[in-house]
Amino acid sequence: PDAWDVAAVRRDFPILERRVHGHPLAYLDNAATTQKPQAVLDALDHYYRHDNANVHRGVHALAERATVAFEAARESARRFLNAGSTREIVFVRGTTEAINLVASSFGGGFAEGDEVILTAMEHHANIVPWQLLRERTGIVLRVLPITPDGELDLDALPGLFSPRTRLLSVVHVSNALGTINPVRELVAAARAHDVPVLLDGAQAVPHLRVDVQALDCDFYAFSGHKLFGPTGIGVLYGRERLLEAMPPYQGGGEMIRTVSFEQTTYAGLPHRFEAGTPDIAGAIGLGRAIEYLEALDRDAAEAYEQRLLAYATECLTQVPGLRIIGQARDKVALISFVMDGVHPHDMGTILDRRGLAVRAGHHCAMPVMTWYGLPATSRASMAFYNTPEEIDRLAAALQYAREMLA
Ligand code: PMP
């Protein structure tokens, strides 16, 4: 019944054949960034080799080709999120820029004493932009706590809404714990208070299918590089009605209609939010990554990842002294762990010597670490191209680290 041909999928990713320190690479750092399929590498090369020109303003053949390819990528992103219109798809550098855009532009309308609800599970990208806004305007941040299992404490949510609540901004999937948050419930709760919702989808889109209309969220942000696409490109989905009313984020070329020293009029959606020459190749590469995913059986990919997660959880649980941090009922294939007596950075180095790429640190989610009273964890984050053999190698290396260091 295994509909997932992992060997065939691995052949699409040239880097997975690489060796590291004499061992086959076992790339288990997919939450940091994912590897790129040949199709994406080819799309980048083809664009620069054949069609490179600036977009939206040239009258010549290449400018036209570049513009068509760039806007086709926007349509791919729209389809991927099931947004109603490409007017709702803004290209940004990544999740970080998407959230900064919302904080700066949408949040620019907030007044002193207005409230934004975040959670204790957020990546710094969904904390710091709101603190910068707090410094500028005096908004108040309210934080939904998490439970020992690493789930959101939903019982505490009703008490956080007030007549001053202007936004609920929540991570869809935690990069530190792997928790899949019940975003439909969260949106429904916010709707009941007429509060718009931003979802940080950086870790969700590589694992789950996302439909912004079904979710009924107002903003959705993700990064191309975590979705098997290039770095430097990402997407902000925004509900058209909200984007329409928002002022530009940055000023410059591409985002204007007319400019004089007395007055400037802005371009329509989505270009009003895309000042300057965009990452054209990046967008085209992201569009190609999306097409690559669309050609896969994503249900089979998800089921395969869940089997891999169950297997990895079982293997790691058997390693003496190892503790898994975050045991939510709904998780993506990501395991954060600590081992008694072994610092995560030493652990990372030992694993690296064996060709195993994991991450060690606070995962840009220091409040999560603080909550668990840990300075850092090690994190193995899987994608649909990882294998049970790689998990066996990880478990063996962890046993070894335990014997050597603990
Ligand atoms: N949010 C989450 C949940 C993330 O995992 C990340 C990346 N680690 C980000 C936001 C920021 O993404 P980027 O660095 O691509 O802007």
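Counting 0.36 nm for each residue step from Ser85 to Thr231 and taking away their Cα separation leaves a gain of 50.1 nm.
Quick check on the chain: helices-only [θ] at 222 nm, where DSSP H runs of length 4 and up contribute -39,500 (n - 2.57) each and the sum goes over total residues. Nearest 500, please. Calculated at 222 nm, the ellipticity per residue is -11000 deg cm²/dmol.
Find how much the distance from Gln399 to Thr137 grows on full extension, using 0.36 nm per residue of separation minus their present alpha carbon separation; answer in nm with one decimal.
Taking Gln399 through Thr137 to full extension adds about 89.2 nm, to one decimal.
The Rg/Rh ratio for the stretch 29-158 is 1.09, where Rg is the radius of gyration of the alpha carbons and Rh is the Kirkwood radius. Of the listed residues Thr349, Thr265, the order by accessible area with a 1.4 Å probe, largest first, is Thr349, Thr265.
Assuming charge only on the beta carbon of Lys and Arg (+1) and of Asp and Glu (-1), the dipole of the stretch 1-140 about its Cα centre is about 380 debye to the nearest 20.
Under the simplified labelling scheme, the His124-Glu112 pair shows an inter-label distance of 3.0 nm, with each label point 7 Å from Cα along Cα→Cβ.
Projecting the Cα positions of Ala73, Val102, Ile89 onto the charge dipole of the stretch 55-113 (unit charges on Cβ atoms of Lys, Arg, Asp and Glu, taken about the Cα centre) puts Ala73 furthest along the positive direction.
Under unit Cβ charges (Lys, Arg +1; Asp, Glu -1), what dipole magnitude, rounded to 20 debye, does the stretch 67-150 have relative to its Cα centre? Could you put the intermediate results ahead of the total?
Details: 8 positive and 10 negative charges, 52 e Å.
Using Cβ point charges on Lys, Arg, Asp and Glu, the stretch 67-150 gives about 260 debye.
For the stretch 166-182, backbone phi angles converted through the Karplus equation (6.51, -1.76, 1.60; θ = phi - 60°) give residue-by-residue couplings of 10, 6, 10, 10, 9, 6, 6, 10, 6, 6, 8, 10, x, 4, 8, 7, x Hz, Gly and Pro being listed as x.
Taking the protein heavy atoms of the stretch 282-406 in the context of the full set of protein chains, the accessible area attributed to carbon and sulfur is 52 percent at 1.4 Å. Computed from label points 7 Å out along Cα-Cβ, the spacing between His50 and Val20 is 3.4 nm.
Between the C-alpha center of the stretch 281-329 and that of the stretch 134-199 there is a gap of 25 Å.
Accessible area per residue for the chain is 42 Å², calculated with a 1.4 Å probe on protein heavy atoms, without ligands, DNA or RNA.
Sorted largest first, the spans of the alpha carbon positions of the stretch 286-406 along the three principal axes are 46, 32, 27 Å. I'd like the orientation of helix 128-137 relative to the chain: the angle between its Cα long axis and the longest Cα principal axis, in ° from 0 to 90, rounded to 10. Once rounded, one gets 40 degrees. The solvent-accessible area of Arg78, taken with every protein chain present and a 1.4 Å probe, is close to 50 Å². The simple Förster model, with R0 at 30 Å and r as the Cβ-Cβ distance, assigns Ile256 and Ala61 a FRET efficiency of 0.75.
Taking one quarter of the surface of the convex hull spanned by the alpha-carbon atoms of the chain gives a direction-averaged projected area of 21.2 nm².
The values are calculated or read from the model by the stated rules, or taken from the named source; none is laboratory data. Because the structure is a prediction, the values reported are computed rather than measured. Neighbour counts are summed over all protein chains in view; Cβ atoms, including those assigned to glycine, are modelled from backbone coordinates with ideal geometry. Just so you know, the surface numbers come from the protein's heavy atoms only, side chains and all, with ligands and any DNA or RNA stripped out. Shrake-Rupley method; radii C 1.70, N 1.55, O 1.52, S 1.80 Å.
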